[in-house]
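Just so it is clear, none of the values below were taken in a lab; they were calculated from the coordinates. For clarity, every value in this text was computed on a predicted model and none was experimentally measured. FYI the Cβ positions are ideal-geometry reconstructions off the backbone, even for glycines, and counts take in every protein chain you see.
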Amino acid sequence: MSWLVIFLGRRKQQKWLICRVWRHVLHKGDIVIDATCGNGYDTVAMLKMVADESGHGHVYGMDIQTEALENTSSLLDETVTQKEKELVKLFPICHSRMDEVLPENTAV
């Protein structure tokens, strides 16, 4: 078995475990942060967990790579409603500067 197959299998298990933990921690209406958006899969997963019918629950996504934000935005366009997409704010900054874009008194 190649190292790539092992790596990809473990990565899939890690993603499954992370999402399982999120389901016990995140609630409808929460504010969450995706500090490195990448391709947007975590952004969408978190959005589905926190978005509620009344328009509460927000995802703040950030990445220093423009391509990552474009990929995330495209994935959102393909997978969520316009109302859900409005709950996501994407920023082209490093996660070390997240305090510049989060609402005041947001616990991190």
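Lys and Arg at +1, Asp and Glu at -1: add these up for the other residues within a Cβ distance under 12 Å of S73 and post the number.
Overall, the nearby charge balance is -3.
What distance in nm separates the two pseudo spin-label positions at N105 and Q82, each 7 Å out from Cα along the beta-carbon direction?
3.3 nm
Ordered by packing density, taken as the mean number of other Cβ atoms within 10 Å over each peptide's residues, highest first, how do 54-67, 31-44 rank?
Ranked from most to least packed, the peptides come out as 31-44, 54-67.
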